[in-house]
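Okay, structure first, notes after.
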Amino acid sequence: MKFIAAAIALLLTTTAPATAQDTTLYRGGPIVTMDGDTPQTVEAVVTRGDRITFAGPEKQARKAAGKDAAIRDLKGATLLPGFIDAHSHFTLATMMAGGLDLRDGGGPPVADIAGLQAAIRDHIAARALPKGGWVVVWQYDHETLAEKRHVTRAELDAVASDRPIVVFHVSLHGAVANSAALAAPGIDESTPVPPGAMILRDDAGKLNGVLLEKAMFILLAKLPQPSAEQKLAALDAAQNRYFAEGYTHAQDGATQRPDLAFLTSPAARERLKIDLALLPIYTELDALLAGPDRKFGVYQDHVKLQGIKFILDGSVQARTGYFTRDYARGSPAGDHPWHGHPGMSDAEFLGLARKAHDRGWQLFVHANGDAAIDMAIKGFDALGIKAADNRRPIVIHSQFQRRDQLAAYKRIGVGPAYFSNHAWYWADVHRTNFPAEVVDFISPFRSARAAGLIASNHSDYSVTPLDTRFMLWTSMARVSPTGVVSGAGERLDAYAALQALTTGPAWQAFEEDRKGRIKAGLLADFVILDKNPLTTPVDGIKSIKVRETIKEGRSVWRANF
């Protein structure tokens, strides 16, 4: 798009001149450029300031660098372009501090509801949380509990009835609240259920505490907000968490109005070292249109507004994804038949998407089930989007895509942001709801590649960990904890898996001429790994370690091993 190209040109022409002290030559290990459809390595790379100036033979690199350049000996480690986060929720990395993270390994694994209750009691005691203060629990997954059901309001009341407790589902599409937490925003049996939401009840017709989809947002508004100082400290911790995984570019995948104001504030922009792409959520669209003119696709320091995020369905593991076929296990409330429901109507999606599209803003659409993907395609077609227009709408997750939908993506120019970690975390759960041939086609990377699509891979953090090497492994192995492979024919080789973390997401963000490859003129964004993924056996991929992350020529994170 024209404004993207103009922004890139401006950045290329306004970089401050570098001095000899800003020049660095990297050599002494595999340097994988990611420049091209087949693996290419070079002996050396030269950077000046924030840019790569040369990539090629070491003899020529030394001449290009000059005698005063700093020499970085990789000592056998592998240099790659910095990883690009195709979809995660950066603000959650700032929000989770102080809460109970059930995945952080700080306590015994939670195997049943009694264990969950004990973990919450221990957290309250360890933190000496005052009566009346909120207790927030993250990364809860009812499918991993022995009971294979949600914890209830009554069971959370049994932990503590004198303070609000909210337990967020790992999918980020639901939560369970105790009575005090339900009372805070006034949720009771008379509360209207928002369209596309679910407020579950027990057999007596009383609320059981489970809030799914839009119902969860009623509760979110009442959570305590950190101070400005706490937000800035959390911002530093959050970007370091991304840097530790080799990311030099992060995404906030559903930016709410308060977070948009904070992350674009001068104080936050001064702290940010990682490139951060914001996707304001569609509920903020009218406010954005009515306010001062917002420039999308243009960085202010390290932050930019990338596009508008729409949510067309929910989470498949929570059984709120929208399908053309029924879930074998029925709805979260146990109703049959059930194939999920859309997060909004076709008319609402088209009306909102047209407003953003007419402003030239990129469209990002959350769609997991095949019926939700049909909605996205129908909307894009109604807007008249074609691949030749280069608008690059992104369908986030595209999990249960049908094979016939690939051609529509190609015609429109859609970039699928796939999610290979599902093969490990929830493929076994999906098999309890859908036929094997349906589950085997989740995140169909190789079929998408054959169809001419440019795909990316993501963690959806905090839904799954930020671990980039684990993401590489899940896209290459596609195996579950029980050893079941979901679609052997969709497994990627190491190079294609790396493309889904570098060149793929760079293209989806209109930054393919700025990052994602090691090439003269591009940003000096690098990750140094202790092993080369291209020569590491598949089973060893997830044990590769990040040694260092370099952003625009400067080291921003280094391992202590």
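The values are calculated or read from the model by the stated rules, or taken from the named source; none is laboratory data. The shown structure was predicted, so the numbers you read here are calculated from the model rather than taken from an experiment. Neighbour counts are summed over all protein chains in view; Cβ atoms, including those assigned to glycine, are modelled from backbone coordinates with ideal geometry. Protein only, heavy atoms only, side chains kept; ligands, DNA and RNA dropped before computing areas. Shrake-Rupley method; radii C 1.70, N 1.55, O 1.52, S 1.80 Å.
At-a-glance table
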| read-out | value |
| --- | --- |
| Residues satisfying the stated conditions in the range 475-504, i.e. part of a helix (DSSP H, G or I) and more than 28 Å from THR23 (Cα to Cα) | SER475, MET476, ALA477, ALA488, GLY489, GLU490, ALA494, TYR495, ALA496, ALA497, GLY504 |
| Matching residues in the range 418-440 - criterion: being within 19 Å of ASP493 (Cβ to Cβ) and open to solvent by 20 Å² or more (accessible area, probe 1.4 Å) | TRP424, ASP440 |
| Test for SER456: is it at pLDDT 95 or above, in contact with an Asp or Glu (Cβ under 6 Å, 6 or more places away or on another chain) and either among the polar types (S, T, N, Q) or open to solvent by 10 Å² or more (accessible area, probe 1.4 Å) (or both) | no |
| Positions within the range 522-544 being farther than 30 Å from ILE412 by Cβ, touching a residue at least 40 places away in the same chain (Cβ under 8 Å) and not in a helix (DSSP H, G or I), in sequence order | ALA524, PHE526, VAL527, ILE528, LEU529, ASP530, LYS531, ASN532, THR536, LYS542, SER543, ILE544 |
| Lone unmet requirement of (1) aromatic (Phe, Trp, Tyr); (2) within 19 Å of ALA427 (Cβ to Cβ); (3) open to solvent by 20 Å² or more (accessible area, probe 1.4 Å) for TYR327 | (3) |
| Unmet criterion (only one of (1) over 22 Å from ARG547 (Cα atoms); (2) in contact with a helix residue (DSSP H, G or I) (Cβ under 7 Å, 6 or more places away or on another chain); (3) open to solvent by less than 40 Å² (accessible area, probe 1.4 Å)) for ALA61 | (2) |
| Criterion: under 26 Å from ALA407 (Cβ atoms), of a type in the set (A, V, I, L, M) and assigned to a loop (DSSP other than H, G, I, E, B) - qualifying residue of MET375, MET344 | MET344 |
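Every residue, every condition in (1) open to solvent by less than 40 Å² (accessible area, probe 1.4 Å); (2) not hydroxyl-bearing (Ser, Thr, Tyr), yes or no:
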{"site": "ALA496", "(1), (2)": "yes, yes"}
{"site": "ARG514", "(1), (2)": "yes, yes"}
{"site": "ILE518", "(1), (2)": "yes, yes"}
{"site": "ASP525", "(1), (2)": "yes, yes"}
{"site": "THR535", "(1), (2)": "no, no"}
{"site": "VAL538", "(1), (2)": "no, yes"}
{"site": "SER543", "(1), (2)": "no, no"}
{"site": "LYS551", "(1), (2)": "yes, yes"}
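One line per residue, one yes/no per condition, for (1) under 22 Å from ALA417 (Cα atoms); (2) of a type in the set (S, T, N, Q):
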| residue | (1), (2) |
| --- | --- |
| GLN251 | yes, yes |
| ALA268 | no, no |
| ALA277 | yes, no |
| ILE281 | yes, no |
| ASP293 | no, no |
| LEU305 | yes, no |
| THR324 | yes, yes |
| ARG329 | no, no |
